[in-house]
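Below is one structure, written out as structure tokens, with a few remarks after it.
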Amino acid sequence: QVQLVESGGGLVQAGGSLRLTCAASGRTFSSYTMGWFRQAPGKEREFVAAFYNGDNIMYSQSVKGRFTISRDSAKNTVYLQMNSLTPDDTAVYYCAARRDARPTLLSTSYNYWGQGTQVTVSS
């Protein structure tokens, strides 16, 4: 059974930073796509960033240059460093894993999800 547990969300002022952590358990994830999604109130869940095909990384255009995804394979942990936050980044952030290393931005293609962590950016 794969489990994903996010942490690190909170309230931050615009221009600030947060680091989210996703601790994965249940198997090794070297052949999985590991990523982050977010969902704001009244909006669909959207892709943020992910590792695929090993150490390849992709970002959504809305966070490119501000957010950085990284991981510690020994700890089965994935991080999302978020800088220069704006109120538009306010959302519940989810960690997700996909039993396929090929890249995809589609949330329906991911097999496992964490419970989510709230990020609120005040203006």
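If you put +1 on each Lys and Arg Cβ and -1 on each Asp and Glu Cβ, how big is the dipole of the stretch 18-123 around its Cα centre, in Debye rounded to 20?
Working: 12 positive and 7 negative charges, 38 e Å.
Using only the charged Cβ atoms, the result is roughly 180 debye.
Excluding ligands, DNA and RNA, what is the solvent-accessible area per residue of the stretch 1-107 at a probe of 1.4 Å, expressed in Å²? Working shown, then result.
On the way: 5420 Å² over 107 residues.
Roughly 51 Å² per residue, with all protein chains present.
Rounded to whole Å, give me the distance from the Cα center of the stretch 96-123 to that of the stretch 1-24.
Centre-to-centre (Cα) distance: 12 Å.
Hey, what do the phi angles of the stretch 107-122 turn into as Karplus ³J(HN,Hα) couplings, whole Hz, using 6.51/-1.76/1.60 and θ = phi - 60°, x for Gly and Pro?
5, 5, 8, 9, 9, 10, 9, x, 7, x, 9, 7, 10, 10, 10, 8
For Cα pairs less than 8 Å apart in space and 6+ apart in sequence, what is the mean separation divided by the residue count of the chain, i.e. the relative contact order in percent? All intermediate terms of the calculation are to be shown ahead of the outcome.
On the way: 304 pairs, mean separation 44.9, N = 123.
Over the chain, the number comes to 37 percent.
Are there trypsin sites (Lys or Arg not before Pro) in the stretch 63-123 that DSSP marks as loop and that have at most 16 other Cβ atoms within 10 Å, and which are they?
Values: sites: Lys64, Arg66, Arg71, Lys75, Arg98, Arg99; in loops: Lys64, Arg66, Arg99.
Taking the stretch 63-123 and a limit of 16 other Cβ atoms within 10 Å, the loop trypsin sites (Lys or Arg not before Pro) found are Lys64, Arg66, Arg99.
Amide H to amide H under 5 Å from Leu85: which residues, 5+ apart in sequence or cross-chain, H placed 1.01 Å off N in plane?
Under 5 Å from the amide H of Leu85: Gly15, Gly16.
The values are calculated or read from the model by the stated rules, or taken from the named source; none is laboratory data. Worth saying up front: this structure is predicted, and the values here are computed from it rather than measured. Ideal geometry is used to build each Cβ from the backbone, glycine not excepted, and the neighbour counts take in all protein chains shown. Side chains are part of the model used for accessible areas, which takes the heavy atoms of the whole protein and leaves out ligands, DNA and RNA. Shrake-Rupley method; radii C 1.70, N 1.55, O 1.52, S 1.80 Å.
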